[in-house]
1. Sort out which residues of segment 22-65 are surrounded by 14 or more Cβ atoms within 10 Å (Cβ to Cβ) and at positive phi, and write them in order of number.
2. Take Ala4 and tell me if it is free of Cβ contacts under 8 Å to residues at least 12 places away in the same chain, in a helix (DSSP H, G or I) and not charged (D, E, K, R).
3. Identify the residue in segment 139-180 that is among the basic types (Lys, Arg) and part of a strand (DSSP E or B) and, among all such residues, is surrounded by the most Cβ atoms within 10 Å (Cβ to Cβ).
4. Looking at Gly264, Gly213, which one is over 26 Å from Ala144 (Cβ atoms), more than 16 Å from the chain's Cα centre (by Cα), surrounded by 15 or more Cβ atoms within 10 Å (Cβ to Cβ) and of a type outside the set (D, E, K, R)?
5. If we scan segment 102-121, do we find a residue that is acidic (Asp, Glu), assigned to a strand (DSSP E or B) and touching a residue at least 12 places away in the same chain (Cβ under 8 Å)?
6. Only one residue in Gln202, Gln263, Gln275, Gln215 is assigned to a loop (DSSP other than H, G, I, E, B) and modelled with pLDDT of 95 or more, so which one is that?
7. For segment 181-193, name all the residues that are crowded, with 16+ Cβ neighbours inside 10 Å, polar (S, T, N, Q) and within 12 Å of Val147 (Cα to Cα).
8. Residues in segment 221-277 that are within 18 Å of Cys81 (Cα to Cα), among the charged types (D, E, K, R) and in contact (Cβ under 8 Å) with a residue 60 or more places away in the chain: how many?
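The values are calculated or read from the model by the stated rules, or taken from the named source; none is laboratory data. Here the structure is a predicted model, which is why all the values come from computation and not from measurement. Note: ideal-geometry Cβ built from the backbone for every residue, glycine included; neighbour counts use all protein chains shown.
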Amino acid sequence: MTSATSTQWARLLKNQGTWVGSFTQVSPTGEILQDTPSEVALIPLNEGNTMRQEIRKRPLGQPPSETVLEYSSLGRGVLFCETGAFSQGSIQRSPVSEFGAELGLIHGSNRLRVAQIFPRQPTLGSLTLIREHLAGTEPTPRPALTVDQLLGTWVGEATTVFPDWQPQQSMATRLEIQRESDRVITQTLTFGNSPAIQSQGQLVGSTLRFEQGSQPVTVLLLPAGASATFPTEIQSGQPLFLEAGWLITPTLRQRLIRTYNAQGTWESLTLVTEQKL
């Protein structure tokens with residue numbers, strides 16, 4: 001293994017263990033459609049050089065299913081961050097094929113994953129929220145995310161990793177979220193020394209819709225402090241991003257952002273860890 005691939009493999013190993021939880025199907029507007037109990041075991045073999053992955057699901061009223069994978073290298077569509085957070089998904093968007101990604105965050109003995117799929121269409125087709133804890137530990141209860149929990153000023157650090165193995169980059173971040181009225185939220189985002197980006201979102205049910213900019217986005221507020229951000233309708237020829245957010249405590253939040261350029265090529269993965277002032 002090269003040093004870059006061995007670093008990635010070491011980050012994968014931070015996910016080892018048996019993760020107990022559920023796969024929750026959520027509609028693009030936030031309704032819970034189905035919840036399937038699950039167990040995902042990541043077992044290092046061959047002195048840690050091979051990973052065995054066992055995925056067991058127990059859908060209600062149906063026979064259980066099991067999928068077993070073994071691999072000793074990582075696919076081109078996968079990247080890991082230092083914490084063990086990761087994303088796997090499409091490396092290129094094409095209007096004629098399915099597009100999407102899974103974004104996974106890890107904190108202590110809890111893991112949160114969000115999978116977003118666009119099935120040959122410009123709008124989100126399906127969303128899966130996966131909440132997990134290590135076997136033998138208690139899951140940390142977290143309330144469903146609300147806008148009020150996000151109001152305030154968040155400061156932190158964004159660390160970006162790249163699929164072409166260029167060195168990772170870190171920069172300071174600042175996010176201010178204010179409520180203008182019952183239905184209107186303003187957010188001001190600053191990365192490093194770049195000029196602040198301000199946008200205004202409309203709250204509709206459990207979604208926030210940001211309509212400005214070349215690629216309007218929807219933020220879905222989800223159970224367990226989770227959020228999913230995605231293009232409301234993908235505009236070809238414009239850059240886009242898919243994001244999973246996780247309010248871990250009332251003052252600690254992580255966000256994982258998978259970014260594509262204007263040609264639809266996957267460019268980077270950024271982990272933001274931010275604290276509320």
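1. Gly30
2. no
3. Arg174
4. Gly264
5. yes
6. Values: Gln202 fails: assigned to a loop (DSSP other than H, G, I, E, B); Gln275 fails: assigned to a loop (DSSP other than H, G, I, E, B); Gln215 fails: modelled with pLDDT of 95 or more.
Result of the check over Gln202, Gln263, Gln275, Gln215: Gln263.
7. Across segment 181-193, the qualifying residue is only Gln187.
8. So the count comes out to 5.
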